[in-house]
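Derivation of every value follows stated rules applied to the coordinates shown; laboratory data play no part. This structure is a prediction, so every number in the text was calculated from the model and none was measured. Cβ coordinates were reconstructed from backbone atoms using ideal geometry, including for glycine residues, and neighbour counts include every protein chain displayed.
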């Protein structure tokens, strides 16, 4: 029996129009769609009138859930995996499913598309031939080391931060390197999209004096 295929599909990070035609076509053709959150993905799928069966698969899913999907593919079914937003596997779930599929010899095909990481890099206006992506800073242990590494880096460093920690994040970075130039992307591709550029201290002051702007998802690029 011919094995199925696993498709890792990038989805919009905000604007539903940012999905590729190939991604829509693939989602329409697969047998099952595994989602980080079926409710979140349901909105996207409903928008494009895609009614395929959905299965939840996230960071806390058991090995049994992964084995069930692998079993489907071994029996010939095709499966797509989508995270809540952006490219799965890039600071998003999906890696465990890919690893399990590869181990069984199942073909894994990427369907590229939106990513907050590449979105900010594309408008940075600096040399990004080499850069370092650091995902999310640690909440407690290792946080100081994380920012010290960023400051000491000889190339640009980009990372994500949540609305709950962005100000504390910038305060810590300012205590180490207040004059370092940074670019902060907020709510990229969404209605209230904003890009703020300046030194760490300048950007921090902006958010201190404009607390209404401390909303949404953030991507930060620290220049070397």
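Data table
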quantity: FRET E, pair residue 15, residue 206, Förster distance 25 Å, beta-carbon r, rounded to 0.05; calculated: 0.55
quantity: Distance in nm between pseudo-label sites at residue 68 and residue 43 (7 Å out along the Cβ direction from Cα); calculated: 2.5
quantity: Gyration tensor (alpha-carbon) shape descriptor, the stretch 134-219, a/c threshold 1.5; calculated: prolate
quantity: Nearest 10 degrees, 0 to 90: helix 38-47 Cα axis against the chain principal axis; calculated: 80
quantity: Highest-fluctuation residue, 41, 199, 75 considered, GNM on the chain with Cα pairs under 10 Å; calculated: 75
quantity: The chain, relative contact order [Cα under 8 Å, separation at least 6], %; calculated: 22
quantity: Among beta bridges that DSSP assigns inside the stretch 65-224, antiparallel share in %, nearest 5; calculated: 90
